[in-house]
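Here is the structure we will look at.
Bear in mind these aren't lab numbers, they're just calculated from the coordinates by the rules spelled out. Small disclaimer: the values here were computed from a predicted structure and weren't measured. Don't worry about glycine lacking a Cβ; one is built from the backbone with ideal geometry, like all the others, and counts go over all protein chains shown.
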Amino acid sequence: MALMQCKFHSQVLGLNTSMTVILPEPAGAQIGMPVHNRKGNLPTLYLLHGLSDDDSTWIRRSSIERYVAQMGIAVVMPQVFRSFYTDMAYGGKYWTFISEELPVIARSFFPLSEAREDQFVAGLSMGGYGAFKLALRHPDRYAAAASLSGSLEIEFIRDREPELYHQIFGDHAVLGTDNDLFYLLDQLGQAKKVPQLYQACGTEDFLYQSNTNFRDHARQYNLNLTYCEGSGEHNWEYWDTQIQEVLRWLPIRSVSTL
């Protein structure tokens, strides 16, 4: 696998930022690493970080590079700081960055597919919120989305981190808007295509109740939702295990169908 730490300028944010990218390479001399046989533009997993993390954290704290080695996909891990993947009231326009600018920039640098069937997004905690937000606001762009221990209820953020909540959303109402995942679920009936969803949370996680609330709301609409729970806390031992399940679950097209 090729690992790239990419520094680039974002016009939306008005500053230099970064993304960490994993790309498959057809090198057969790497001991203990498989060789992929996919040619052409690559299916892409946008893998999103949590509140205290950055674009390097998935590489540093999981074995994601090894897990995707034989899959023939690219993994793009962007940096969004503590933005909750939102155009902040007092900060950068990180929603516009992640949803509009980043895919265009990444495809200009790397051989990434533009087809909806090849677009996936996943994340942990704050990144789980971001992943579902991308998939639910743009169901026409993503084939699948996964949330691990996602911070899925916006009111929970307000109660737990009031200063951060104000920095992100200001004095604006959030419930019933495009920043409210439950509201986005309610709007999916208007979508022609709906992404497959994967949701996992440990039963000892402080976000467990928020996750079961989201699961129950989603089940009202008979969505293609895979829900997994079991013993686990809000930590990397759980996420490193679960990301392997996500990778097995992703509906990646085989080379023979391309």
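Taking amide hydrogens as placed 1.01 Å from N in the peptide plane, the amide H of L48 sits under 5 Å from those of A122, G123, L124, each at least 5 positions away in sequence or on another chain. Residues whose amide H comes within less than 5 Å of that of Q79, counting only those at least five positions distant or on another chain, are S18 (H built at 1.01 Å from N in the peptide plane). Each Cα pair under 8 Å and six or more residues apart adds its sequence gap; the mean of these over the residue count of region 42-136 is a relative contact order of 43 percent. The string of couplings for region 189-203 from the Karplus curve (6.51, -1.76, 1.60, θ = phi - 60°) is x, 7, 8, 6, 10, 10, x, 6, 10, 10, 9, 9, 7, x, 6 Hz, one whole number per residue in order, with x for Gly and Pro. In order along region 40-51, the phi-based Karplus estimate (6.51 cos²θ - 1.76 cosθ + 1.60, θ = phi - 60°) of 3J(HN,Hα) comes to x, 5, 9, x, 10, 9, 7, 10, 9, 8, x, 4 Hz; Gly and Pro are listed as x. Each peptide in 99-107, 195-203 receives the mean, over its residues, of other Cβ atoms within 10 Å, and ordering these scores from highest gives 195-203, 99-107. For the chain, the residue among Q70, L102, G91 whose Cα projects farthest onto the positive side of the dipole built from Cβ charges is Q70.
Centroid-to-centroid, using Cα positions, region 116-158 and region 195-209 are 12 Å apart. Restricting region 49-113 to chymotrypsin sites (Phe, Trp or Tyr not before Pro) that sit in a DSSP loop and have at most 13 other Cβ atoms within 10 Å of their own Cβ leaves Y90.
Arranged from fewest to most other beta-carbon atoms within 10 Å of their beta carbon, H9, H166, H234 become H9, H166, H234. Divide the volume of the convex hull around the Cα atoms of region 161-245 by the residue count and you get 123 Å³ per residue.
Only beta bridges with both residues in region 41-134 are counted; by DSSP, about 10 percent of them are antiparallel.
Which parts of region 57-92 would a label at D171 reach, counting a residue when its backbone N lies under 16 Å from a point 7 Å out along Cα-to-Cβ? Counting backbone N atoms under 16 Å from the label point, the list is 89-90. Taking K133 as the anchor, which lysines have their alpha carbon closer than 20 Å to its alpha carbon, excluding any fewer than eight residues away along the same chain? Answer for K133, where 20 Å is the Cα cut-off: K93, K192, K193, listed by chain and number.
If you keep only loop residues by DSSP, which GluC sites (Glu not before Pro) in region 177-258 have at most 16 other Cβ atoms within 10 Å of their Cβ?
E204, E233
Taking every DSSP beta bridge that has both ends in the chain, the antiparallel portion is near 35%. For region 134-148, backbone phi angles converted through the Karplus equation (6.51, -1.76, 1.60; θ = phi - 60°) give residue-by-residue couplings of 4, 5, 7, 7, 10, x, 7, 9, 10, 7, 7, 9, 10, 10, 10 Hz, Gly and Pro being listed as x.
Taking amide H as placed 1.01 Å from N in the peptide plane, A144 has its amide H under 5 Å from the amide H of V121, Q196, each at least 5 places away in sequence or on another chain. Region 46-204 has equivalent-ellipsoid semi-axes of 24, 18, 16 Å, by the square roots of 5 times the alpha carbon gyration tensor eigenvalues, sorted largest first.
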